[in-house]
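Right, one structure below, let's go through it.
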Amino acid sequence: MRRPRGVGHRVLLVAALLAGHAGGHGENVPPELGGVTLCVASGGVQVTLEALTDARQQGALAGLAEDLRQEMTARLERQGVRVARPRWCWGRDGILTVAVNVRYLNPATYRGFGDPAYSYGVQLAVQRRWQRSPPRFDAGYTDIHSESRSGRPVRGVVAARAAELTDDLAQAWVKANPRR
């Protein structure tokens, strides 16, 4: 039986997600946040949408980057984190970056997940001024979400995961800055 082109890659992606990375959550490097003011710029959240098949799916995720940035900034400030909001963060220390990827899982290829179902990832990092150095903070989450099985839109699930990572960052920042 001949597989359509690209199916092997998709199967490996799903297998990797299910074999231990699914629901992966937490810091990847020890945080170094002492004395750092987080720089949150308007372009700091990047959302990549893949294989969305119709206007309804695209519309449901429209504006996600800006909504996440605003909510994350508000969450950090409510928890006492020092946040700067310049137009650009380039050349500064403590740059908050968020990368979100949402991919529709076509049920013809990804069987058993329901329709609609998505793989998604949220990666949050606090970069140093010189980005070749390891980040000051780095945490992420990946999973597969089936709207048909859970009854919850993927947008809300992604936002909840971003909120969890934001809270992890806030806790690490408060711990590193006890005298604020």
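Note on region 32-55: residues that are assigned to a strand (DSSP E or B) and of a type outside the set (Ser, Thr, Tyr) total 7.
Test residue 114 against the stated conditions and say whether it is open to solvent by less than 50 Å² (accessible area, probe 1.4 Å), on the phi > 0 side of the Ramachandran plot and free of Cβ contacts under 8 Å to residues at least 60 places away in the same chain.
yes
Per-residue answers, yes or no, for (1) touching a residue at least 24 places away in the same chain (Cβ under 8 Å); (2) under 19 Å from residue 162 (Cα atoms); (3) open to solvent by 70 Å² or more (accessible area, probe 1.4 Å):
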position	(1), (2), (3)
37	yes, no, no
44	yes, yes, no
47	yes, yes, no
65	yes, yes, no
70	no, yes, yes
79	yes, yes, no
82	yes, yes, yes
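Each row is one residue, and each column tells you yes or no for (1) at pLDDT below 95; (2) closer than 30 Å to residue 117 by Cβ; (3) among the hydroxyl-bearing types (Ser, Thr, Tyr); (4) out of contact with any Pro (no Cβ under 6 Å at 6 or more places or on another chain).
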{"residue": "57", "(1), (2), (3), (4)": "yes, yes, no, yes"}
{"residue": "71", "(1), (2), (3), (4)": "no, yes, no, yes"}
{"residue": "75", "(1), (2), (3), (4)": "no, yes, no, yes"}
{"residue": "78", "(1), (2), (3), (4)": "no, no, no, yes"}
{"residue": "83", "(1), (2), (3), (4)": "no, no, no, yes"}
{"residue": "88", "(1), (2), (3), (4)": "yes, no, no, yes"}
{"residue": "91", "(1), (2), (3), (4)": "yes, no, no, yes"}
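When 161, 179, 103, 128 are screened for being open to solvent by 40 Å² or more (accessible area, probe 1.4 Å), within 21 Å of the chain's Cα centre (by Cα) and more than 18 Å from residue 63 (Cα to Cα), only 128 passes. Among the residues of region 127-180, the ones that are under 30 Å from residue 114 (Cα atoms) and touching a residue at least 24 places away in the same chain (Cβ under 8 Å) come to 23 in all. Within the span defined as region 114-122, every residue fails to be in contact with a Gly (Cβ under 6 Å, 6 or more places away or on another chain) and at pLDDT 95 or above. Residues in region 142-156 that are open to solvent by 40 Å² or more (accessible area, probe 1.4 Å) and of a type in the set (D, E, K, R): 149, 152, 155.
The values are calculated or read from the model by the stated rules, or taken from the named source; none is laboratory data. None of the values given here were measured: they were computed from a predicted structure. All Cβ positions, glycine included, derive from the backbone under ideal geometry; neighbour counts span all protein chains shown. Keep in mind that these areas ignore ligands, DNA and RNA; they rest on the heavy atoms of the full protein, side chains included. Shrake-Rupley method; radii C 1.70, N 1.55, O 1.52, S 1.80 Å.
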